[in-house]
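The values are calculated or read from the model by the stated rules, or taken from the named source; none is laboratory data. Predicted model only: the values in this text are computed from it and were never measured. Don't worry about glycine lacking a Cβ; one is built from the backbone with ideal geometry, like all the others, and counts go over all protein chains shown. Note: accessible area is taken over every heavy atom of the protein model, side chains too, but ligands, DNA and RNA are not part of it. Shrake-Rupley method; radii C 1.70, N 1.55, O 1.52, S 1.80 Å.
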Amino acid sequence: MGSATTLSEIILTADKPEYSPSDDIIITASFQIKGDLRDALNEKNWTESYNKYDNLFKLKYGIKVTSGGFRKKELKDIDTYRKASFFWTRNPKLVNPMKEKRVWVQVAKNFEPFIKLTEEEVKSELLDFNEKITIKASELGSGKHKISAEAWVSWQKHLWTDSGDAKGSSKEIEITVN
(Lines give C-alpha, C1' and ligand atoms only; values in the text may rest on other atoms or scores of the structure.)
Protein backbone atom coordinates (compact mmCIF):
# COMPACT_ATOMS: atom_id res chain seq x y z
CA MET A 1 0.00 0.00 0.00
CA GLY A 2 1.19 3.53 -0.80
CA SER A 3 0.19 6.37 1.46
CA ALA A 4 -1.11 5.78 4.94
CA THR A 5 -4.58 6.77 6.02
CA THR A 6 -4.83 10.23 7.57
CA LEU A 7 -7.43 12.73 8.64
CA SER A 8 -7.67 16.01 6.78
CA GLU A 9 -7.51 19.19 8.80
CA ILE A 10 -10.40 19.33 11.26
CA ILE A 11 -12.34 22.55 10.70
CA LEU A 12 -14.49 23.84 13.54
CA THR A 13 -17.28 26.31 12.88
CA ALA A 14 -19.62 27.80 15.46
CA ASP A 15 -23.18 28.63 14.42
CA LYS A 16 -22.58 32.23 15.63
CA PRO A 17 -19.74 34.22 17.26
CA GLU A 18 -21.56 35.29 20.46
CA TYR A 19 -23.93 33.53 22.85
CA SER A 20 -25.90 34.36 25.94
CA PRO A 21 -25.50 32.00 28.93
CA SER A 22 -28.87 30.33 28.22
CA ASP A 23 -27.92 29.43 24.62
CA ASP A 24 -26.86 26.14 23.14
CA ILE A 25 -23.60 26.51 21.26
CA ILE A 26 -23.62 24.42 18.10
CA ILE A 27 -20.19 23.67 16.73
CA THR A 28 -19.66 21.68 13.55
CA ALA A 29 -16.49 19.59 13.24
CA SER A 30 -15.70 18.83 9.58
CA PHE A 31 -12.99 16.47 8.36
CA GLN A 32 -12.31 13.66 5.89
CA ILE A 33 -10.50 10.34 5.95
CA LYS A 34 -7.82 10.47 3.22
CA GLY A 35 -5.31 8.01 1.77
CA ASP A 36 -5.26 4.20 1.67
CA LEU A 37 -8.63 3.50 3.28
CA ARG A 38 -10.42 5.93 0.95
CA ASP A 39 -8.60 4.54 -2.11
CA ALA A 40 -9.41 0.93 -1.16
CA LEU A 41 -13.13 1.61 -0.75
CA ASN A 42 -14.11 0.93 -4.35
CA GLU A 43 -16.59 -1.16 -6.29
CA LYS A 44 -14.07 -3.82 -7.30
CA ASN A 45 -13.03 -4.35 -3.67
CA TRP A 46 -16.49 -4.27 -2.14
CA THR A 47 -17.81 -6.70 -4.78
CA GLU A 48 -14.95 -9.11 -4.11
CA SER A 49 -15.45 -8.63 -0.38
CA TYR A 50 -19.16 -9.41 -0.67
CA ASN A 51 -18.43 -12.54 -2.70
CA LYS A 52 -16.15 -13.76 0.11
CA TYR A 53 -18.74 -13.06 2.86
CA ASP A 54 -16.85 -10.04 4.22
CA ASN A 55 -19.81 -7.72 3.87
CA LEU A 56 -19.83 -5.42 6.88
CA PHE A 57 -17.32 -2.65 7.53
CA LYS A 58 -17.44 -0.78 10.84
CA LEU A 59 -15.63 2.51 11.30
CA LYS A 60 -15.31 3.69 14.90
CA TYR A 61 -14.69 7.37 15.50
CA GLY A 62 -14.63 9.95 18.23
CA ILE A 63 -14.44 13.68 18.64
CA LYS A 64 -13.34 15.38 21.84
CA VAL A 65 -14.10 19.08 22.19
CA THR A 66 -12.17 21.09 24.77
CA SER A 67 -11.88 24.70 25.87
CA GLY A 68 -8.94 26.60 27.29
CA GLY A 69 -5.22 26.80 26.70
CA PHE A 70 -2.86 24.68 28.81
CA ARG A 71 -5.42 23.32 31.26
CA LYS A 72 -8.00 22.11 28.83
CA LYS A 73 -11.52 21.45 30.01
CA GLU A 74 -13.34 18.66 28.23
CA LEU A 75 -16.70 19.88 26.98
CA LYS A 76 -17.95 16.97 24.91
CA ASP A 77 -16.67 13.52 24.02
CA ILE A 78 -18.39 11.68 21.17
CA ASP A 79 -17.59 8.01 20.69
CA THR A 80 -19.61 6.29 18.00
CA TYR A 81 -19.38 4.47 14.66
CA ARG A 82 -20.55 4.21 11.07
CA LYS A 83 -21.20 1.00 9.18
CA ALA A 84 -21.07 0.06 5.54
CA SER A 85 -22.99 -3.05 4.49
CA PHE A 86 -22.25 -4.58 1.11
CA PHE A 87 -25.34 -6.24 -0.35
CA TRP A 88 -26.58 -7.85 -3.55
CA THR A 89 -29.80 -6.77 -5.23
CA ARG A 90 -31.68 -6.78 -8.50
CA ASN A 91 -33.65 -3.73 -7.36
CA PRO A 92 -34.44 -1.89 -10.63
CA LYS A 93 -34.18 1.48 -8.85
CA LEU A 94 -30.54 0.72 -8.14
CA VAL A 95 -29.50 -0.29 -11.62
CA ASN A 96 -26.46 1.58 -12.78
CA PRO A 97 -27.15 2.40 -16.44
CA MET A 98 -23.44 2.03 -17.27
CA LYS A 99 -23.12 -1.66 -16.42
CA GLU A 100 -24.65 -4.65 -14.73
CA LYS A 101 -24.00 -3.59 -11.17
CA ARG A 102 -25.15 -6.01 -8.50
CA VAL A 103 -23.34 -5.27 -5.22
CA TRP A 104 -24.30 -2.06 -3.44
CA VAL A 105 -23.23 -0.29 -0.29
CA GLN A 106 -25.53 0.93 2.44
CA VAL A 107 -23.89 3.34 4.88
CA ALA A 108 -25.45 3.73 8.32
CA LYS A 109 -24.77 7.01 10.12
CA ASN A 110 -26.32 7.34 13.57
CA PHE A 111 -28.41 4.28 12.63
CA GLU A 112 -29.86 6.07 9.59
CA PRO A 113 -29.29 4.17 6.31
CA PHE A 114 -28.06 5.83 3.11
CA ILE A 115 -27.62 4.13 -0.26
CA LYS A 116 -25.47 6.01 -2.76
CA LEU A 117 -25.15 5.25 -6.45
CA THR A 118 -21.52 6.07 -7.20
CA GLU A 119 -18.17 5.16 -5.64
CA GLU A 120 -17.49 8.82 -4.85
CA GLU A 121 -20.84 9.25 -3.09
CA VAL A 122 -20.26 6.09 -1.04
CA LYS A 123 -16.79 7.33 -0.03
CA SER A 124 -18.20 10.72 0.90
CA GLU A 125 -21.06 9.24 2.93
CA LEU A 126 -18.77 6.92 4.92
CA LEU A 127 -15.52 8.89 5.14
CA ASP A 128 -16.52 12.58 5.25
CA PHE A 129 -17.60 13.97 8.60
CA ASN A 130 -19.73 16.99 9.42
CA GLU A 131 -20.60 16.40 13.06
CA LYS A 132 -22.78 18.86 14.96
CA ILE A 133 -21.78 19.14 18.62
CA THR A 134 -24.00 20.95 21.11
CA ILE A 135 -22.54 22.54 24.23
CA LYS A 136 -24.41 24.60 26.83
CA ALA A 137 -23.03 28.18 26.96
CA SER A 138 -23.66 28.11 30.71
CA GLU A 139 -21.00 25.35 31.05
CA LEU A 140 -18.39 27.75 29.69
CA GLY A 141 -19.39 30.81 31.69
CA SER A 142 -19.04 34.37 30.44
CA GLY A 143 -16.02 35.64 28.55
CA LYS A 144 -14.00 34.64 25.51
CA HIS A 145 -13.31 30.94 25.07
CA LYS A 146 -10.91 29.11 22.82
CA ILE A 147 -12.47 25.87 21.59
CA SER A 148 -10.58 23.07 19.88
CA ALA A 149 -11.23 19.45 18.96
CA GLU A 150 -9.37 16.21 18.46
CA ALA A 151 -10.77 13.42 16.33
CA TRP A 152 -9.81 9.78 15.85
CA VAL A 153 -10.97 6.94 13.63
CA SER A 154 -10.19 3.21 13.71
CA TRP A 155 -11.22 0.07 11.83
CA GLN A 156 -10.54 -3.65 11.71
CA LYS A 157 -8.84 -5.73 9.03
CA HIS A 158 -10.92 -6.72 6.01
CA LEU A 159 -10.17 -8.35 2.66
CA TRP A 160 -9.65 -4.92 1.12
CA THR A 161 -7.87 -3.10 3.98
CA ASP A 162 -5.62 -3.71 6.95
CA SER A 163 -6.74 -2.57 10.37
CA GLY A 164 -5.70 0.96 11.18
CA ASP A 165 -6.39 4.27 12.79
CA ALA A 166 -5.83 7.97 12.29
CA LYS A 167 -5.95 11.03 14.52
CA GLY A 168 -6.09 14.77 14.01
CA SER A 169 -6.61 18.10 15.75
CA SER A 170 -8.31 21.33 14.86
CA LYS A 171 -7.06 24.88 15.16
CA GLU A 172 -8.72 26.84 17.95
CA ILE A 173 -11.78 28.96 17.30
CA GLU A 174 -12.91 31.69 19.64
CA ILE A 175 -16.43 32.22 20.88
CA THR A 176 -17.83 34.72 23.35
CA VAL A 177 -20.45 34.17 26.03
CA ASN A 178 -21.99 37.44 27.29
Computed magnitude of the charge dipole of the chain (debye, nearest 20; Cβ of K, R +1, Cβ of D, E -1): 340 debye
Charge context of SER138, other residues only, Cβ under 12 angstrom, K/R +1, D/E -1: -2
Rounded percent of accessible protein surface that carbon and sulfur make up, the chain, 1.4 Å probe: 50 percent
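Hey, what number do you get for the chain at 222 nm if only DSSP H runs of n ≥ 4 count, each worth -39500 (n - 2.57), divided across all residues, to the nearest 500? Before the final figure, lay out the partial values.
Working: 4 runs with 27 residues, N = 178.
Here the helix-only value at 222 nm equals -3500 deg cm²/dmol.
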Whole-number D in µm²/s for the chain (Stokes-Einstein; Kirkwood sum over Cα pairs; 37 °C, 0.692 mPa s): 183 µm²/s
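What's the extension gain from ILE173 to TRP88 if we count 0.36 nm per residue and subtract their Cα-Cα distance? Numbers along the way, then the final one.
Values: separation 85, 0.36 × 85 = 30.60 nm, distance 4.48 nm.
Additional length available on full extension: 26.1 nm.
Suppose all protein chains stay in the model; what accessible area per residue would a 1.4 Å probe give for the stretch 22-70, in Å²? Could the numbers behind the result be given before it?
Details: 2260 Å² over 49 residues.
About 46 Å² of surface per residue is accessible.
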Listed pairs LYS60/LYS136; LYS16/LYS157; LYS16/LYS167; LYS136/LYS157 exceeding 31 Å between Cα atoms: LYS16/LYS157; LYS136/LYS157
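Add +1 for every Lys or Arg and -1 for every Asp or Glu among the other residues with Cβ under 14 Å from the Cβ of THR13, and state the total. List each step's numbers first, then the result.
On the way: positive: LYS16, LYS132, LYS171; negative: GLU9, ASP15, GLU131, GLU172, GLU174.
Counting the neighbours of THR13, the net charge comes to -2.
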Calculated FRET efficiency for the pair ASP23/GLU119, C-beta based, R₀ 45 Å, to 0.05: 0.65
Straight-distance crosslink candidates among aspartates and glutamates, where the alpha carbon sits under 15 Å from LYS109 and sequence neighbours closer than 8 are dropped: ASP79, GLU121, GLU125, ASP128, GLU131
